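Laboratory data are not the source of any read-out in this text; all were calculated from the coordinates shown. Note that this is a predicted model, so its numbers are computed, not measured. Here the Cβ positions follow ideal geometry from the backbone for every residue, glycine too, while neighbour counts run over all protein chains shown.
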Protein chains: 4
Amino acid sequence: MIPNIYTIPLIQLASGDRLSLQVYRFVGAKPGKKVYIQANLHGAEIAGNAVIYQLIEYFRILEVTQLFGEVWLVPVCNPLGVNQRSHRFASGRYCVYEGKDWNRIFWDYEKTQEDLQEFAKSQVNLDIDTIKKNYLNKIINHFITLTEDIHSPSSVPFTELFRYRLQSLSIDADYLIDLHTSTDRGLDYLYYFSHRESSAQHFLFDYGILLDDYDGDAFDEAFIKPWLALENAFQKLGREIIFDVEAWTLELGSGMQMMPQSVEKGVQGVKNYLLYKGVLALNTKAIAHEMTFRSKSQITKYYAPVGGMVQARVPLGSVVKAGEKLYKILMFNKNGELPSLINICAEKDGLVYDVATNHAVNEGEYVLAVM
Amino acid sequence: MIPNIYTIPLIQLASGDRLSLQVYRFVGAKPGKKVYIQANLHGAEIAGNAVIYQLIEYFRILEVTQLFGEVWLVPVCNPLGVNQRSHRFASGRYCVYEGKDWNRIFWDYEKTQEDLQEFAKSQVNLDIDTIKKNYLNKIINHFITLTEDIHSPSSVPFTELFRYRLQSLSIDADYLIDLHTSTDRGLDYLYYFSHRESSAQHFLFDYGILLDDYDGDAFDEAFIKPWLALENAFQKLGREIIFDVEAWTLELGSGMQMMPQSVEKGVQGVKNYLLYKGVLALNTKAIAHEMTFRSKSQITKYYAPVGGMVQARVPLGSVVKAGEKLYKILMFNKNGELPSLINICAEKDGLVYDVATNHAVNEGEYVLAVM
Amino acid sequence: MIPNIYTIPLIQLASGDRLSLQVYRFVGAKPGKKVYIQANLHGAEIAGNAVIYQLIEYFRILEVTQLFGEVWLVPVCNPLGVNQRSHRFASGRYCVYEGKDWNRIFWDYEKTQEDLQEFAKSQVNLDIDTIKKNYLNKIINHFITLTEDIHSPSSVPFTELFRYRLQSLSIDADYLIDLHTSTDRGLDYLYYFSHRESSAQHFLFDYGILLDDYDGDAFDEAFIKPWLALENAFQKLGREIIFDVEAWTLELGSGMQMMPQSVEKGVQGVKNYLLYKGVLALNTKAIAHEMTFRSKSQITKYYAPVGGMVQARVPLGSVVKAGEKLYKILMFNKNGELPSLINICAEKDGLVYDVATNHAVNEGEYVLAVM
Amino acid sequence: MIPNIYTIPLIQLASGDRLSLQVYRFVGAKPGKKVYIQANLHGAEIAGNAVIYQLIEYFRILEVTQLFGEVWLVPVCNPLGVNQRSHRFASGRYCVYEGKDWNRIFWDYEKTQEDLQEFAKSQVNLDIDTIKKNYLNKIINHFITLTEDIHSPSSVPFTELFRYRLQSLSIDADYLIDLHTSTDRGLDYLYYFSHRESSAQHFLFDYGILLDDYDGDAFDEAFIKPWLALENAFQKLGREIIFDVEAWTLELGSGMQMMPQSVEKGVQGVKNYLLYKGVLALNTKAIAHEMTFRSKSQITKYYAPVGGMVQARVPLGSVVKAGEKLYKILMFNKNGELPSLINICAEKDGLVYDVATNHAVNEGEYVLAVM
């Protein structure tokens, strides 16, 4: 199968140079779902690019009859973030002009929508496909009004231009997969939304974190929240609907690298998920992998209570009990005293799933996270 | 009058060095209001430090009988932001660890409060001073629970530590004044909240912008929003109360400098306001200055529609009509074409009150703002 | 006259996007000198782009017979530097990967050359044009060996790639003009090299600074030093030769902006210089402007002796006497003391030709410069 | 043994806060050599702090009779660098105001000295201790003249203030040890200077790199170069002298962390060296460890020939042969093409001793180094 390749201008720089997005679109012989997969929204989180590369290689040898619907692949989806450096480090987590996290900028239809319950009422007796079509039209009709601001003389800040470009590629997808990693060093896991546990298990990961607590305007959230809101609106009307619309953020290990085992997990997970969803038609059957589910609200992140240097930190992946030692800080001072070691212990039981790359910490800097 | 001076440790750095806050507190002979004034929350916005310096010099020669209540002055209130540099520029607008604007991090009691209407009902027949005392207690009781997280083993990210330090100095103030400037080049004006127009006029500024549209978690907002919410709650119960609690953000000209005329405006404005509020007891009377009021939601910010170099921009302070030329962009390219000039015109009438320092713009970078 | 326009790939970014150089080359009807003009080597120094734009517009309406030789124009010659931002400021003075000033990276043939005196001896009886041709060949022959490293598997750091790209465009020029501005706020002046005073006067500037003290590996230095060295070598052999090879750095006012009067000065200066050199054939005659010459070694730069905020600084362009007040620092502390004002006075007489944009200074930060 | 602890103010920040150096000085019962050890000159290179902490703990339990001479220990010796962050990364390799590597700023007496050969002649018949004393006096007499500039109204840029502070602590040392690590991920090794091979072997490292090729103004260089120059000057006069003055840079593994095995190596190495030098008087004997010596000029650093993502890189510590594959780059494009994989092979045989932390590379970014 040969993909269509689209190069989409993203930004003209002060120097006149332009940065672009490039989309690889594989279209199956028969119609079906639209799958949208992007990587590297945060500058340091590069592993998903290798996943996309392997998926491209994989789709290229597939027959067109083996794909139902279409798959859109967007590697290095944030050139400004990807190319950003501070010394040699990939510091592109936020837009430097605006001081905003690149994954907290997206347009969330749910926030502007005022007539949700009314709309739900108007659709309550329709079949689910018609409702889905009607609601998607409604979302898109609002979304395209964003171009008015973009094309006005006052235009919009870059983050709003950027979100428009990415969301115009993905807003009508059925399944959206955003490939991230830890900024620092992390395990492989995924973020999912309510009522999608059984789909989640087809990514073959060991851990899943339910986004019960929103950061606000993240790419996955902004995509799925309107649909979750409509599901809730129907529930209030006594009708249980779960749309076949899903958003996933896959966390594929550590930042600033493409760890082979994490990349492999990402590739296998996506393939198995597509098989499960009937996007891939192969001779094998999709597998459901038993996984541990946690909620985002249960996570504990540890920040340095003093300034200094972290040492003797428990390894990534450790299971700790409340009261057990998590790490020490070698604390210096400028008061004429000897340096000293401070012990920090776990507040509660859990799995250490993410740890800081940088072991030098000012007071209040991130050290590790426990799920 | 001699101030009490308090040095409050703010953060221990990785090197063991510590940065601190320092408070200058002038206490009058007779009880009265608490006024809290800080400067330089954003790194580049230094003019307020000169205002505070002149206020300190002024209070020092005042008699203790000329002050009612107390005035707290906190210059350079954000050392991490103030000392931040990128090349020689004061880039400290946001916390680099967390990618968060230093003025969008504060604890907003209104957001956590669940029993507002109930509380209002319980107080509706009390006198305003009692209500104020009761509500302040309620706010403070919640606020101090933040220390539990700070002192837990997992502690909190630095922005939460920082907000706690600043808000613990200011939360029980009657009048809060946050001295800012433009990041770039700006006129002098102030931000105010609903129902405070007549107080606003005593700062002697020409322009005031009503914060009818919240950025979220700004220092002034976080202080006043619970009080505005309670005012609304009483209104629903049929009682009109405006608390004598006020929050102000004064914008004193351009960033990275202390323009003498802006500093002077700040000093005169604060003195006249304190006189108006009866905090200063002098032989003169406070003056109300006629001012133009705008709403934040009416402001138009202009962002570059292409990358290039801004030239022929209308001067700061210009009054423009819709359709008039605002600026040009000298646009380069890497397509083998000649460079070209693009004209950008005003979308609507207004006053150019803020313009970018940097005339090189990537697409989507800020150029100017019109009120 | 229509220019040839060349787009030259400069760097492939991690995202796969490419940044390029673009050269506008005007070729006269008759042969003559090669003039190379570039702008914006330091990210904040944008004024030269407007100069180049106006020169392009000017050459376009010239007849091909009015130009002798050729003029190469390279605006926005350092895309990585031009597009670099920290918050909204143009922080691109140095390569962030390598911590190197973009104008201290160039290949200086004089540093590698071992047989200079020998070569001079071999040429001492030849005519100046032949010597020039022979020496240029010698330089170019060495220069092109740099490509071996570039094309080796280990390749070279980006600054070496970049210098190769710019120097390969300019190394065979007769006259090289590098358009800079202050990083901060500055007067208009130029840097020149020994024995070029009379040429200097044709740029119509009021001030010129002789580069008697090298920073090392600057663009202008790297171009001219081999020729100055050869001139010296001939002098030792008793032959006085001044090659008609010249390098200029024009400082066109303040950073992050294109001040119309500085741009105009740059345009008029370059045109008059080209007329003087016979590159332009017009009906007017070139003018020599009386100018004040200083040496780089005589310049005094003032750095803050304490941390704080600069105020009451003498205006840019002031003539000061030794002992006169230059500026004050409003100095804060965290020792429980009142803030205070520190006076800093001039060490010696001179002209304040450059002042910092940012008035907040850590100890040892730049404040102003006196020539 | 209890150390003297000195807290030395280093810099007053714009906010009025001060950062300091703190020296731990252990003085033996009997006179002897002065050893100076510092750590963390580059912000990311924290491992040496743990070495110094362990040495402090070790000296504290030593008897005062077990130490000859004195040992000065300066952890976190560059607070501005140590505390610098970009996002969560320790980006403090260079001074952001000046764009200068913190380890290329030191005062090198050899560069200013004009009368070296003359001085050597005047001392040629004296005994080595007298010469050493005389030369040290000469160096110090020049060094202290730097304070004139520091205390002048124009003062000096911060890097010159900083170098003065560190060098005033260390300039009269006999043995100077600067504890570094890789910016990225590295093996343990040391840098040494000519004629110090046998001392080098007492640090118990496997690899040593001879600094035959100077970066210029590094801390170790600036300390030892005047002594090496004097040794050479005597050699010209026919007298062979090797002063017992030594400078070492120990590279203790990877950046942004304190790897226990690298810290342990550093501690054991320094102790054994001090034993060898007779600074420590213990019952054991110093060990000479066989080590591989390389020259700095033989090192090959690999930079990315295209932009993209590094994968399949040979592990740190690999021995490679010329022509063997070193790494691949997954290269994206914005030309409508498929992504591709590029292979990069070794230019020559060697040991991969340092590899980049960040696997995303713009063209010309660092990938790995081979000795």
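A few notes on this one:
- Each part gets one Cα centre, and for segment A:1-63 versus segment D:158-172 those centres are 53 Å apart.
- Charge dipole (debye, nearest 20) of chain B; +1 at Cβ of Lys and Arg, -1 at Cβ of Asp and Glu: 640 debye
- Point-to-point label distance, D:K30-A:N134, nm (Cα→Cβ direction, 7 Å offset): 9.8 nm
- Our coupling estimate for segment C:51-58, obtained by passing each phi through the Karplus curve with A = 6.51, B = -1.76, C = 1.60 and θ = phi - 60°, is 4, 5, 4, 5, 5, 4, 4, 5 Hz, Gly and Pro reported as x.
- Rounded to the nearest 20 debye, the dipole size of segment C:303-371 about its Cα centre is 160 debye, using +1 on the Cβ of Lys and Arg and -1 on the Cβ of Asp and Glu.
- Karplus (6.51, -1.76, 1.60) ³J(HN,Hα), θ = phi - 60°, over segment B:295-303, in Hz, Gly and Pro reported as x: 10, 4, 5, 8, 5, 10, 9, 9, 10
- Rg and Dmax over the alpha-carbon atoms of segment A:4-297 stand at 18.9, 59 Å.
- For chain C, the longest principal axis of the alpha carbon atoms and the long axis of helix C:158-170 meet at an angle near 50°.
- Note on the protein assembly as shown: Rg/Rh from Cα positions, Kirkwood definition for Rh, rounded to two decimals, is 0.96.
- Other protein chain C-beta atoms within 10 Å of residue C-beta, averaged over D:149-161: 6.
- Cβ-vector label at 7 Å, D:G278, separations to other copies in nm: 7.6, 8.4, 8.8
- Over segment D:106-202, the fraction of Cα-Cα pairs per 5 Å bin, rounded to whole percents and listed from the shortest bin up, is 2, 9, 15, 17, 18, 16, 11, 7, 3, 1.
- In terms of surrounding Cβ atoms within a 10 Å radius of their Cβ, B:H359, B:H289 rank from fewest to most as B:H289, B:H359.
- For the residues of A:332-345, the average number of beta carbons from a partner chain within 10 Å of their own beta carbon is 6.
- Taken residue by residue and averaged, Cβ atoms of other chains lying within 10 Å of the Cβ of D:18-25 number 6.
- The Cβ shell under 15 Å around D:Y24 holds other residues with a net charge of +1, Lys and Arg each +1, Asp and Glu each -1.
- Taking the C-alpha atoms only, the angle from helix C:260-276 to the longest principal axis of chain C is near 30 degrees.
- For chain C, the relative contact order is 17 percent, taking Cα pairs closer than 8 Å that sit 6 or more residues apart in sequence and dividing their mean separation by the residue count.
- For B:V306, distant residues with modelled amide H under 5 Å away: B:G364
- Restraint check, B:K301/C:K265; A:K334/C:K100; A:K111/A:K236, Cα-Cα greater than 23 Å: B:K301/C:K265; A:K334/C:K100
- For q = 0.13, 0.21, 0.28 Å⁻¹, Debye-computed log10 I/I(0) when each Cα of segment B:287-362 counts as one equal scatterer: -0.47, -0.98, -1.42
- B:L126/B:D172 FRET efficiency (R0 22 Å; Cβ-Cβ; nearest 0.05): 0.70
- Taken along the Cα-to-beta-carbon direction at a fixed 7 Å, the label points for C:K285 and B:E57 span 5.8 nm.
- By the beta-carbon count within 10 Å of each Cβ, the least crowded to most crowded order of C:C345, B:C77, fewest first, is C:C345, B:C77.
- Under 5 Å between amide hydrogens, built in the peptide plane, is the criterion, and for C:G43 it picks out C:G92, C:R93 among residues at least 5 positions away or on other chains.
- The phi-based Karplus calculation (6.51 cos²θ - 1.76 cosθ + 1.60; θ = phi - 60°) puts the 3J(HN,Hα) values of segment C:174-191 at 8, 10, 10, 10, 10, 8, 10, 9, 4, 5, 10, 10, x, 6, 8, 7, 9, 9 Hz, whole numbers, x for Gly and Pro.
- Taking packing as the residue-averaged number of other Cβ atoms within 10 angstrom, the listed peptides C:294-301, A:189-196 run from highest to lowest as A:189-196, C:294-301.
- Helix-only mean residue ellipticity at 222 nm for chain C, each DSSP H run of n ≥ 4 adding -39500 (n - 2.57), per residue, nearest 500: -8500 deg cm²/dmol
- Sites counted here are GluC sites (Glu not before Pro) in a DSSP loop (not H, G, I, E or B) having no more than 12 other Cβ atoms within 10 Å; the longest part of chain D that contains none of them is D:115-239.
- Filter on B:K121/B:K271; C:K34/C:K225; C:K33/C:K225 - keep pairs with C-alpha separation over 26 Å: B:K121/B:K271
- Pairwise FRET efficiency - D:H151 versus D:A322, Cβ, R0 = 60 Å, nearest 0.05: 0.60
- Net charge of the neighbourhood of B:E290, taken over other residues with C-beta under 12 Å away and scored Lys/Arg +1, Asp/Glu -1, is -2.
- Paramagnetic reach from A:S295 (point 7 Å along Cα→Cβ, amide N under 17 Å) across segment A:181-210: A:191-197, A:208-210
- Ordering C:W107, C:G92, C:P75 by Cα displacement along the dipole of segment C:59-132 toward the positive end leaves C:G92 in first place; charges were set at the Cβ atoms of Lys, Arg (+1) and Asp, Glu (-1).
- Computed from Cα positions, the angle between helix A:128-144 and the longest principal axis of chain A comes to roughly 70 degrees.
- Summarising the amide proton neighbourhood of D:L190: residues at separation of 5 or more, or on other chains, whose placed amide H is nearer than 5 Å comprise D:Y207, D:G208, D:I209, D:E251.
- Within straight-line cross-link reach of B:K277, aspartates and glutamates at Cα separation under 19 Å, skipping those fewer than 8 residues along the same chain: B:E63, B:E70, B:D129, B:D172, B:D174, B:D178, B:E197, B:D220, B:D244, B:E246, B:E290
- Segment D:44-94: radius of gyration and largest Cα-Cα distance (Dmax), Å: 14.9, 48
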